[in-house]
Amino acid sequence: MKSAVTAILLMVVLLSTTALGRHEDERERERERERQRERERHRRQEGRGGRYFEDLELRRPKQLIRSEGGQLEEWTSDDFKALRDANMAAAKITLNPRGLALPAYIDNHAIKVIVAGSARMGLVLPWGDRAIQRNVYRVQKGDVVAIPRGVPNWWYNDGDERTEIVAIVDTVGGEQPGRVECFDLAGGREGRYGSVLRGFDREILAQAWDVDEQTVTRLLESQNETGIIRVREGIEMPEVATEGSNTYFADFVYRVERSHADVRVERGGQLHVVNRYKLPVLKHLDLGMACVKLEPNAIRAPGWTVNAHQVIYVVRGSGRIQIVRNNGEQALDTEVKEGSLVVIPRSFPAAKIAGSDGLDYLSVLTSDMPLTQELAGRNSVYNGIPSAVVARAFNIDEDLERKLRERRSEEAFILPPRSGRERRKEQPRDNVAAEASSEFLRFLGF
């Protein structure tokens, strides 16, 4: 009996040791992947010279494609240098009713967010039997779609209203920082865009498809439009299967509008975080995102991201964004509205303040598990610093420091607006103290 118990205990110890070893191996592999990503980022930035993120001013997108089916706009890295410095790219796809974005793939990982309307979309994954895959998805406003590099996808607007899709791309794996190369699988040829099939000899395609060259010619020449077309009325498009029969739906699509907010603040707004735990494929893309809805005049607590650059797109409303450099200079102080795109570099403190009509924005980050630090609210870094240190650092007395520390003590991440009456009530009576603590007051949301 004793030997049996001993054997069981030894087996338990052996299994525990094995599990711990596997866990440690996985952690080491993750650390190595992170080191490889950092080396790749540094390699992409070698030889460019000058200071990074010197210019964060907003830019307007350039129209690359326009047709009856819709349009494609892109924020180019040649014009928007902050995107190049962050190794990111951004575009907006607008599909009119019956608009079809032709099948294509790109050379980098991307996150696409439906910001208006709805669509059918398809993914062709590099595994499984293509004949039985049922990867036709129904996506709608608020859905987040993660698309790995090299995965063909197409989009069709089957509704009566315009569909708008914002694409944010991590270009670390591409040939040029901030630039995306799109490989079309059908369509004509115009400028940067054209079907890859047109580069093959027709004899080779005829042999590959087991058809005659006349058929190949018809396949290549029947469609003259590029990128986005309009499907004729009456033509049937693929039906969407139920989510359960879409084998990989949950692996690539996250429905923000149907999820519970991670943070919800009365009169402040709400925050949804989408990371590797909610959408596991992001672990392989090294991307994450957040969707923020600020109520009128609320503020996203000033702070910075520890391990990621972020690209912000304003979905609705208006407001103001401030970004600060390490020396206390303002890197950016700008009004934003629907359609604005802002780059916030890693470690640069930033604040987002909603206007009188509120501010909704999405933020795509270059980490699948982004970490943030705040300068105000319950999670303020100042709450982790002893009172005496904070008082000496700002040259204020500890009573004032304690009073300020108690403010916003129940609010985190999103700070609701304070009424004018509250602000007047809390005005410091000592002008010297007020002047000495002005920066501290601003950080704490005053």
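Within region 160-176, how many residues turn out to be farther than 15 Å from residue 72 by Cα and open to solvent by 20 Å² or more (accessible area, probe 1.4 Å)?
5
Quick check on my filter: what residues within region 217-229 are open to solvent by 100 Å² or more (accessible area, probe 1.4 Å) and in contact (Cβ under 8 Å) with a residue 12 or more places away in the chain?
Result: 219, 224.
Residues of region 349-398 being polar (S, T, N, Q) and either more than 17 Å from the chain's Cα centre (by Cα) or open to solvent by 20 Å² or more (accessible area, probe 1.4 Å) (or both), which ones?
Passing the criteria: 356, 372, 373, 379, 380, 383, 387, 395.
So, in region 262-275, how many residues would count as being part of a loop (DSSP other than H, G, I, E, B) and either out of contact with any His (no Cβ under 9 Å at 6 or more places or on another chain) or open to solvent by less than 40 Å² (accessible area, probe 1.4 Å) (or both)?
Number satisfying all stated conditions: 4.
Just checking, does region 282-296 include any residue being basic (Lys, Arg) and part of a strand (DSSP E or B)?
Yes.
Exactly one condition in (1) touching a residue at least 12 places away in the same chain (Cβ under 8 Å); (2) farther than 30 Å from residue 172 by Cα is false for residue 203; which is it?
(1)
Here's a check for you: in region 323-347, which residue that is under 20 Å from the mean Cα position of the chain (by Cα) and open to solvent by 40 Å² or more (accessible area, probe 1.4 Å) is farthest from residue 282 (Cα to Cα)?
337
Could you grab me the full set of residues in region 133-159 that are within 23 Å of residue 315 (Cα to Cα), open to solvent by 20 Å² or more (accessible area, probe 1.4 Å) and not in a strand (DSSP E or B)?
141, 158, 159
For residue 417, which of the numbered conditions (1) within 24 Å of the chain's Cα centre (by Cα); (2) surrounded by 18 or more Cβ atoms within 10 Å (Cβ to Cβ); (3) of a type outside the set (Phe, Trp, Tyr); (4) in a loop (DSSP other than H, G, I, E, B) fails to hold?
(1)
From the residues in region 187-216 that are of a type in the set (Ser, Thr, Tyr) and open to solvent by less than 50 Å² (accessible area, probe 1.4 Å), which one is modelled with the lowest pLDDT?
Selected residue: 193.
How do the pairs read when you match residues in region 315-328 that are on the phi < 0 side of the Ramachandran plot and of a type in the set (Gly, Ala, Ser) with residues anywhere that are buried (at least 17 other Cβ atoms within 10 Å of the Cβ) and part of a loop (DSSP other than H, G, I, E, B), using Cβ under 6 Å and keeping only pairs 6 or more apart or on different chains?
As it stands, the answer is none, since no pair meets every condition given.
For region 55-101, which residues satisfy the criterion of being assigned to a helix (DSSP H, G or I) and open to solvent by less than 20 Å² (accessible area, probe 1.4 Å)?
If the condition is that a residue be assigned to a helix (DSSP H, G or I) and open to solvent by less than 20 Å² (accessible area, probe 1.4 Å), then 82, 83, 85 are the ones that fit.
Do we find that residue 259 is in contact (Cβ under 8 Å) with a residue 12 or more places away in the chain, surrounded by fewer than 21 Cβ atoms within 10 Å (Cβ to Cβ) and of a type in the set (Gly, Ala, Ser) in this structure?
Answer is yes for this residue.
Can you confirm whether residue 315 is of a type in the set (Val, Ile, Thr), open to solvent by 20 Å² or more (accessible area, probe 1.4 Å) and not in a loop (DSSP other than H, G, I, E, B)?
For residue 315, the condition - of a type in the set (Val, Ile, Thr), open to solvent by 20 Å² or more (accessible area, probe 1.4 Å) and not in a loop (DSSP other than H, G, I, E, B) - is met.
The values are calculated or read from the model by the stated rules, or taken from the named source; none is laboratory data. Just so it is clear, the structure is predicted and the values come from calculations on it, not from any experiment. Cβ atoms come from the backbone with ideal geometry, glycine included; neighbour counts cover every protein chain shown. To get the accessible areas, we keep the full protein, side chains included, count just its heavy atoms, and leave off ligands, DNA and RNA. Shrake-Rupley method; radii C 1.70, N 1.55, O 1.52, S 1.80 Å.
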